[in-house]
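Here the structure comes first, spelled out in C-alpha coordinates, and everything after it is commentary.
The values are calculated or read from the model by the stated rules, or taken from the named source; none is laboratory data. Since we're looking at a predicted model, the values are computed, not measured. With ideal geometry, Cβ positions are generated from the backbone for all residues, glycine too; neighbour counts draw on all protein chains shown. Accessible surface areas use protein heavy atoms only, side chains included; no ligands, DNA or RNA. Shrake-Rupley method; radii C 1.70, N 1.55, O 1.52, S 1.80 Å.
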Amino acid sequence: MKEIRDLNILAIESSCDETAAAVVHNGREVLSNIISSQIDLHKLYGGVVPEIASRKHIEKINQVIEEALKEADVTLDDIDVVGVTYGPGLVGALLVGVAEAKAIAFARNLPLVGVHHIEGHISANYIEHPDLEPPFLCLVASGGHTHLVCVREYGKYEILGRTRDDAAGEAYDKVARAIGLGYPGGPKIDRIAKEGNPDAVKFPKAHIEGAEYDFSFSGLKSAVLNYINGCKMKGESFDPADIAASFQKAVVEVLVENSMKAVEDYGMYKFAIAGGVASNTALRAAMKQACEEKGVKFYHPSPIYCTDNAAMIGAAAFYEYLAGTRHGWDLNAVPNLKLGER
(Lines give C-alpha, C1' and ligand atoms only; values in the text may rest on other atoms or scores of the structure.)
Protein backbone atom coordinates (compact mmCIF):
# COMPACT_ATOMS: atom_id res chain seq x y z
CA MET A 1 0.00 0.00 0.00
CA LYS A 2 1.22 3.48 -0.82
CA GLU A 3 2.23 5.86 1.93
CA ILE A 4 -0.81 7.43 3.57
CA ARG A 5 -1.24 11.11 2.85
CA ASP A 6 -3.12 13.61 4.95
CA LEU A 7 -6.48 13.42 3.16
CA ASN A 8 -9.97 14.70 3.94
CA ILE A 9 -12.61 12.91 1.90
CA LEU A 10 -16.12 14.26 1.35
CA ALA A 11 -18.28 11.17 0.86
CA ILE A 12 -21.83 11.00 -0.53
CA GLU A 13 -24.21 8.04 -0.32
CA SER A 14 -27.68 7.92 -1.91
CA SER A 15 -28.25 4.40 -3.20
CA CYS A 16 -31.61 3.62 -1.61
CA ASP A 17 -33.71 5.29 1.12
CA GLU A 18 -31.11 7.30 3.03
CA THR A 19 -29.36 10.49 1.93
CA ALA A 20 -25.99 10.73 3.62
CA ALA A 21 -22.78 12.75 3.61
CA ALA A 22 -19.62 12.46 5.70
CA VAL A 23 -16.14 13.84 6.04
CA VAL A 24 -13.55 11.12 6.66
CA HIS A 25 -9.86 11.70 7.41
CA ASN A 26 -7.40 9.13 6.04
CA GLY A 27 -10.02 6.43 5.72
CA ARG A 28 -10.34 5.67 9.42
CA GLU A 29 -11.25 8.87 11.29
CA VAL A 30 -14.85 10.03 10.89
CA LEU A 31 -15.09 13.80 11.33
CA SER A 32 -18.82 13.83 10.56
CA ASN A 33 -21.49 11.37 9.45
CA ILE A 34 -24.90 12.82 8.58
CA ILE A 35 -27.84 10.60 7.59
CA SER A 36 -31.29 11.72 6.48
CA SER A 37 -33.55 8.67 6.61
CA GLN A 38 -36.71 8.18 4.56
CA ILE A 39 -37.91 5.15 6.53
CA ASP A 40 -40.93 6.86 8.10
CA LEU A 41 -42.09 7.96 4.64
CA HIS A 42 -41.66 4.54 3.03
CA LYS A 43 -43.43 2.82 5.94
CA LEU A 44 -46.67 4.22 4.50
CA TYR A 45 -46.16 2.04 1.42
CA GLY A 46 -44.70 -1.05 3.07
CA GLY A 47 -41.33 -0.62 1.37
CA VAL A 48 -39.13 1.70 -0.68
CA VAL A 49 -40.84 3.50 -3.57
CA PRO A 50 -38.04 4.39 -6.04
CA GLU A 51 -39.55 7.62 -7.40
CA ILE A 52 -40.30 8.97 -3.93
CA ALA A 53 -36.80 8.02 -2.77
CA SER A 54 -35.21 9.90 -5.69
CA ARG A 55 -37.23 13.04 -5.04
CA LYS A 56 -36.30 13.01 -1.36
CA HIS A 57 -32.61 12.65 -2.23
CA ILE A 58 -32.86 15.77 -4.40
CA GLU A 59 -34.50 17.66 -1.54
CA LYS A 60 -31.99 16.58 1.10
CA ILE A 61 -28.61 16.17 -0.56
CA ASN A 62 -27.38 19.76 -0.28
CA GLN A 63 -28.58 19.93 3.32
CA VAL A 64 -26.72 16.80 4.46
CA ILE A 65 -23.50 17.93 2.73
CA GLU A 66 -23.64 21.35 4.36
CA GLU A 67 -24.32 19.74 7.73
CA ALA A 68 -21.47 17.24 7.28
CA LEU A 69 -19.00 20.04 6.51
CA LYS A 70 -20.24 22.08 9.46
CA GLU A 71 -20.04 19.19 11.93
CA ALA A 72 -16.52 18.35 10.73
CA ASP A 73 -15.57 22.02 11.12
CA VAL A 74 -14.21 22.18 7.58
CA THR A 75 -15.11 23.88 4.30
CA LEU A 76 -14.80 22.64 0.74
CA ASP A 77 -11.37 24.30 0.73
CA ASP A 78 -10.24 21.60 3.20
CA ILE A 79 -11.51 18.69 1.08
CA ASP A 80 -8.97 16.70 -0.97
CA VAL A 81 -11.13 14.00 -2.58
CA VAL A 82 -14.84 13.52 -3.36
CA GLY A 83 -16.12 9.95 -3.01
CA VAL A 84 -19.57 8.76 -4.04
CA THR A 85 -21.57 5.56 -4.33
CA TYR A 86 -22.28 4.83 -8.00
CA GLY A 87 -23.74 1.33 -7.69
CA PRO A 88 -25.46 -0.94 -7.05
CA GLY A 89 -28.81 0.48 -5.93
CA LEU A 90 -31.86 2.34 -7.19
CA VAL A 91 -30.81 4.12 -10.38
CA GLY A 92 -32.70 7.35 -9.62
CA ALA A 93 -31.24 7.58 -6.13
CA LEU A 94 -27.71 6.83 -7.35
CA LEU A 95 -27.95 9.49 -10.06
CA VAL A 96 -28.67 12.20 -7.50
CA GLY A 97 -25.51 11.41 -5.54
CA VAL A 98 -23.31 10.94 -8.60
CA ALA A 99 -24.46 14.24 -10.15
CA GLU A 100 -23.84 16.10 -6.89
CA ALA A 101 -20.38 14.58 -6.45
CA LYS A 102 -19.37 15.38 -10.02
CA ALA A 103 -20.58 18.96 -9.65
CA ILE A 104 -18.54 19.53 -6.47
CA ALA A 105 -15.45 17.82 -7.84
CA PHE A 106 -15.65 19.80 -11.09
CA ALA A 107 -16.26 23.15 -9.39
CA ARG A 108 -13.39 22.62 -6.93
CA ASN A 109 -11.06 20.76 -9.29
CA LEU A 110 -10.93 17.77 -6.94
CA PRO A 111 -10.32 14.08 -7.69
CA LEU A 112 -13.54 12.07 -8.05
CA VAL A 113 -13.68 8.48 -6.78
CA GLY A 114 -16.70 6.26 -7.42
CA VAL A 115 -17.28 3.59 -4.79
CA HIS A 116 -19.11 0.27 -4.89
CA HIS A 117 -21.85 0.18 -2.26
CA ILE A 118 -20.91 -3.27 -0.93
CA GLU A 119 -17.24 -2.25 -0.82
CA GLY A 120 -18.40 0.59 1.40
CA HIS A 121 -20.16 -1.79 3.78
CA ILE A 122 -17.03 -3.94 4.07
CA SER A 123 -14.88 -0.84 4.64
CA ALA A 124 -17.13 0.24 7.52
CA ASN A 125 -15.13 -2.20 9.64
CA TYR A 126 -11.96 -0.12 9.16
CA ILE A 127 -13.48 2.87 10.94
CA GLU A 128 -13.54 1.44 14.46
CA HIS A 129 -10.89 -1.28 14.13
CA PRO A 130 -7.45 0.25 13.44
CA ASP A 131 -5.88 -3.21 13.65
CA LEU A 132 -8.02 -4.66 10.85
CA GLU A 133 -6.15 -5.02 7.56
CA PRO A 134 -6.57 -7.46 4.67
CA PRO A 135 -6.64 -10.34 4.17
CA PHE A 136 -9.83 -11.31 5.99
CA LEU A 137 -13.25 -12.82 5.34
CA CYS A 138 -16.42 -10.73 5.48
CA LEU A 139 -20.12 -11.57 5.44
CA VAL A 140 -22.15 -8.76 3.89
CA ALA A 141 -25.84 -9.13 4.74
CA SER A 142 -28.39 -6.44 3.93
CA GLY A 143 -31.77 -5.86 2.34
CA GLY A 144 -30.38 -6.21 -1.16
CA HIS A 145 -27.24 -8.32 -0.75
CA THR A 146 -25.92 -11.42 0.95
CA HIS A 147 -22.28 -12.04 0.03
CA LEU A 148 -19.48 -14.04 1.60
CA VAL A 149 -16.30 -12.27 0.52
CA CYS A 150 -12.57 -12.82 0.85
CA VAL A 151 -10.91 -9.40 1.11
CA ARG A 152 -7.52 -10.13 -0.46
CA GLU A 153 -6.21 -6.56 -0.37
CA TYR A 154 -7.74 -3.11 -0.03
CA GLY A 155 -10.13 -2.93 -2.98
CA LYS A 156 -9.48 -6.50 -4.13
CA TYR A 157 -12.25 -9.00 -3.43
CA GLU A 158 -13.04 -12.62 -4.15
CA ILE A 159 -16.72 -13.52 -3.83
CA LEU A 160 -16.93 -16.97 -2.25
CA GLY A 161 -20.71 -17.16 -1.97
CA ARG A 162 -23.85 -15.16 -2.61
CA THR A 163 -27.59 -15.59 -2.33
CA ARG A 164 -29.31 -17.42 -5.16
CA ASP A 165 -32.58 -15.57 -4.61
CA ASP A 166 -33.74 -13.37 -1.70
CA ALA A 167 -31.15 -11.50 0.33
CA ALA A 168 -31.29 -12.08 4.09
CA GLY A 169 -32.65 -8.59 4.78
CA GLU A 170 -35.25 -8.98 2.03
CA ALA A 171 -36.50 -12.19 3.67
CA TYR A 172 -36.71 -10.36 7.00
CA ASP A 173 -38.88 -7.64 5.43
CA LYS A 174 -41.23 -10.13 3.77
CA VAL A 175 -41.68 -12.27 6.87
CA ALA A 176 -42.20 -9.20 9.04
CA ARG A 177 -44.96 -8.04 6.69
CA ALA A 178 -46.59 -11.51 6.83
CA ILE A 179 -46.78 -11.54 10.63
CA GLY A 180 -48.06 -7.96 10.79
CA LEU A 181 -44.93 -6.13 11.92
CA GLY A 182 -44.58 -3.85 8.90
CA TYR A 183 -41.53 -2.15 7.39
CA PRO A 184 -38.59 -2.20 8.02
CA GLY A 185 -38.67 -5.84 9.03
CA GLY A 186 -35.15 -6.48 10.30
CA PRO A 187 -35.17 -4.45 13.54
CA LYS A 188 -38.77 -5.44 14.30
CA ILE A 189 -38.17 -9.18 13.95
CA ASP A 190 -34.95 -8.86 15.96
CA ARG A 191 -36.88 -7.18 18.75
CA ILE A 192 -39.93 -9.46 18.88
CA ALA A 193 -37.83 -12.63 18.46
CA LYS A 194 -36.41 -12.05 21.95
CA GLU A 195 -39.91 -12.79 23.31
CA GLY A 196 -40.40 -15.97 21.27
CA ASN A 197 -39.24 -19.59 21.28
CA PRO A 198 -36.68 -20.21 18.51
CA ASP A 199 -37.52 -23.93 18.58
CA ALA A 200 -41.29 -23.46 18.30
CA VAL A 201 -41.34 -24.13 14.55
CA LYS A 202 -38.67 -26.01 12.59
CA PHE A 203 -38.17 -24.05 9.40
CA PRO A 204 -35.88 -25.35 6.61
CA LYS A 205 -32.27 -24.28 6.10
CA ALA A 206 -31.16 -24.29 2.49
CA HIS A 207 -27.75 -25.62 1.51
CA ILE A 208 -26.78 -25.45 -2.16
CA GLU A 209 -25.21 -28.63 -3.49
CA GLY A 210 -21.92 -27.90 -5.18
CA ALA A 211 -21.89 -24.30 -3.86
CA GLU A 212 -21.29 -24.66 -0.15
CA TYR A 213 -20.83 -20.94 0.49
CA ASP A 214 -23.99 -19.81 -1.35
CA PHE A 215 -27.24 -18.88 0.36
CA SER A 216 -30.95 -19.22 -0.43
CA PHE A 217 -33.72 -17.68 1.65
CA SER A 218 -36.68 -17.89 -0.75
CA GLY A 219 -37.65 -21.38 0.43
CA LEU A 220 -37.44 -20.32 4.06
CA LYS A 221 -39.62 -17.29 3.38
CA SER A 222 -42.17 -19.52 1.58
CA ALA A 223 -42.14 -22.01 4.46
CA VAL A 224 -43.01 -19.23 6.91
CA LEU A 225 -45.84 -17.96 4.70
CA ASN A 226 -47.17 -21.50 4.22
CA TYR A 227 -47.10 -22.10 7.96
CA ILE A 228 -49.07 -18.92 8.61
CA ASN A 229 -51.60 -19.72 5.87
CA GLY A 230 -51.95 -23.26 7.17
CA CYS A 231 -52.74 -21.99 10.66
CA LYS A 232 -55.36 -19.62 9.27
CA MET A 233 -57.00 -22.34 7.15
CA LYS A 234 -57.21 -24.67 10.15
CA GLY A 235 -58.45 -21.91 12.41
CA GLU A 236 -55.41 -22.30 14.62
CA SER A 237 -53.69 -19.39 16.33
CA PHE A 238 -49.99 -18.66 16.02
CA ASP A 239 -47.59 -16.56 18.04
CA PRO A 240 -45.80 -13.94 15.91
CA ALA A 241 -42.91 -13.91 18.41
CA ASP A 242 -42.41 -17.67 18.02
CA ILE A 243 -42.49 -17.41 14.23
CA ALA A 244 -40.02 -14.50 14.30
CA ALA A 245 -37.66 -16.35 16.64
CA SER A 246 -37.84 -19.60 14.64
CA PHE A 247 -37.35 -17.81 11.32
CA GLN A 248 -34.42 -15.81 12.69
CA LYS A 249 -32.77 -18.94 14.05
CA ALA A 250 -32.91 -20.56 10.59
CA VAL A 251 -31.39 -17.48 8.93
CA VAL A 252 -28.64 -17.01 11.50
CA GLU A 253 -27.63 -20.68 11.55
CA VAL A 254 -27.12 -20.76 7.78
CA LEU A 255 -25.16 -17.49 7.78
CA VAL A 256 -22.91 -18.74 10.57
CA GLU A 257 -22.45 -22.27 9.20
CA ASN A 258 -21.46 -21.14 5.71
CA SER A 259 -19.18 -18.44 7.11
CA MET A 260 -17.35 -20.78 9.47
CA LYS A 261 -16.96 -23.35 6.68
CA ALA A 262 -15.16 -20.65 4.66
CA VAL A 263 -13.02 -19.73 7.68
CA GLU A 264 -11.86 -23.34 7.96
CA ASP A 265 -11.33 -23.88 4.25
CA TYR A 266 -9.41 -20.65 3.70
CA GLY A 267 -7.46 -20.75 6.97
CA MET A 268 -8.46 -17.18 7.84
CA TYR A 269 -8.26 -15.95 11.42
CA LYS A 270 -9.98 -12.61 10.90
CA PHE A 271 -13.71 -12.48 10.18
CA ALA A 272 -15.97 -9.44 9.80
CA ILE A 273 -19.66 -8.80 9.21
CA ALA A 274 -21.21 -5.79 7.48
CA GLY A 275 -24.49 -4.47 6.11
CA GLY A 276 -27.85 -3.76 7.72
CA VAL A 277 -28.38 -7.33 8.98
CA ALA A 278 -24.97 -7.11 10.71
CA SER A 279 -26.67 -5.04 13.42
CA ASN A 280 -28.97 -8.00 14.25
CA THR A 281 -28.28 -8.99 17.86
CA ALA A 282 -28.81 -12.72 17.31
CA LEU A 283 -26.40 -12.80 14.36
CA ARG A 284 -23.76 -10.84 16.25
CA ALA A 285 -23.98 -13.14 19.27
CA ALA A 286 -23.88 -16.32 17.20
CA MET A 287 -20.96 -15.11 15.06
CA LYS A 288 -19.04 -13.98 18.13
CA GLN A 289 -19.47 -17.39 19.76
CA ALA A 290 -18.55 -19.29 16.59
CA CYS A 291 -15.43 -17.19 16.06
CA GLU A 292 -14.35 -17.59 19.68
CA GLU A 293 -14.71 -21.36 19.41
CA LYS A 294 -12.42 -21.38 16.38
CA GLY A 295 -9.93 -18.84 17.72
CA VAL A 296 -10.88 -16.32 15.05
CA LYS A 297 -10.80 -12.53 15.65
CA PHE A 298 -14.32 -11.18 15.11
CA TYR A 299 -14.97 -7.67 13.80
CA HIS A 300 -18.24 -5.81 13.39
CA PRO A 301 -19.21 -2.16 12.91
CA SER A 302 -21.41 -0.25 15.35
CA PRO A 303 -25.07 -0.22 14.23
CA ILE A 304 -24.76 3.33 12.85
CA TYR A 305 -22.14 2.05 10.39
CA CYS A 306 -24.18 -1.05 9.48
CA THR A 307 -27.00 0.96 7.96
CA ASP A 308 -26.38 2.82 4.70
CA ASN A 309 -24.13 5.74 5.57
CA ALA A 310 -21.51 7.95 3.94
CA ALA A 311 -18.68 7.35 6.43
CA MET A 312 -18.22 3.83 5.05
CA ILE A 313 -18.07 5.28 1.52
CA GLY A 314 -15.38 7.70 2.69
CA ALA A 315 -13.35 4.81 4.12
CA ALA A 316 -13.60 2.85 0.88
CA ALA A 317 -12.88 5.93 -1.27
CA PHE A 318 -9.64 6.58 0.66
CA TYR A 319 -8.19 3.17 -0.21
CA GLU A 320 -9.48 3.38 -3.78
CA TYR A 321 -7.75 6.76 -4.10
CA LEU A 322 -4.46 5.36 -2.78
CA ALA A 323 -4.74 2.55 -5.33
CA GLY A 324 -4.97 5.14 -8.10
CA THR A 325 -8.69 5.06 -8.81
CA ARG A 326 -9.95 8.25 -10.46
CA HIS A 327 -13.21 8.76 -12.28
CA GLY A 328 -14.01 11.29 -14.97
CA TRP A 329 -17.04 13.44 -15.63
CA ASP A 330 -18.59 10.53 -17.52
CA LEU A 331 -19.06 8.58 -14.26
CA ASN A 332 -22.60 7.23 -14.30
CA ALA A 333 -24.90 5.30 -11.98
CA VAL A 334 -24.64 1.52 -12.42
CA PRO A 335 -27.64 -0.02 -10.61
CA ASN A 336 -26.46 -3.63 -11.10
CA LEU A 337 -22.75 -3.06 -10.47
CA LYS A 338 -20.99 -6.26 -9.40
CA LEU A 339 -18.45 -6.27 -6.59
CA GLY A 340 -14.95 -6.01 -8.02
CA GLU A 341 -16.11 -4.36 -11.27
CA ARG A 342 -14.54 -1.05 -12.26
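Okay, here's what the table says:
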read-out	value
log₁₀ of I(q)/I(0) at q = 0.09, 0.11, 0.12, 0.15 Å⁻¹ - the chain, Debye sum with one point per alpha carbon	-0.47, -0.70, -0.83, -1.22
Relative packing of 164-176, 138-150, which averages over residues the other C-beta atoms within 10 Å, highest first	138-150, 164-176
Electrostatic dipole magnitude of segment 237-303 [Cβ: Lys, Arg +1; Asp, Glu -1; Cα centre; debye, to 20]	320 debye
By average C-beta atoms within 10 angstrom, highest first, the peptides 255-263, 234-242	255-263, 234-242
Residue-wise HN-Hα coupling along segment 82-87, computed from phi with Karplus coefficients 6.51, -1.76, 1.60 (Hz; x: Gly, Pro)	10, x, 8, 6, 10, x
Dimensions in Å of segment 250-332 - Rg and Dmax from alpha carbons	15.9, 49
Cα-only Debye scattering, segment 170-279: base-10 log of I(q)/I(0) at q = 0.20 Å⁻¹	-1.07
Only Lys, Arg (+1) and Asp, Glu (-1) charged, at Cβ; the chain dipole about Cα centre in debye	700 debye
Accessible area per residue in Å² at 1.4 Å probe, computed on the chain	42 Å²
Pairs from 60/338; 102/174; 249/294 whose Cα-Cα separation, in the structure shown, is over 32 Å	102/174
Rounded Å value of the spacing that divides the Cα centres of segment 205-269 and segment 293-342	28 Å
Kirkwood-Stokes translational diffusion coefficient of segment 89-206, alpha-carbon pairs, 37 °C, 0.692 mPa s, µm²/s	189 µm²/s
Protein accessible area in segment 199-304, 1.4 Å probe - carbon and sulfur %	51 percent
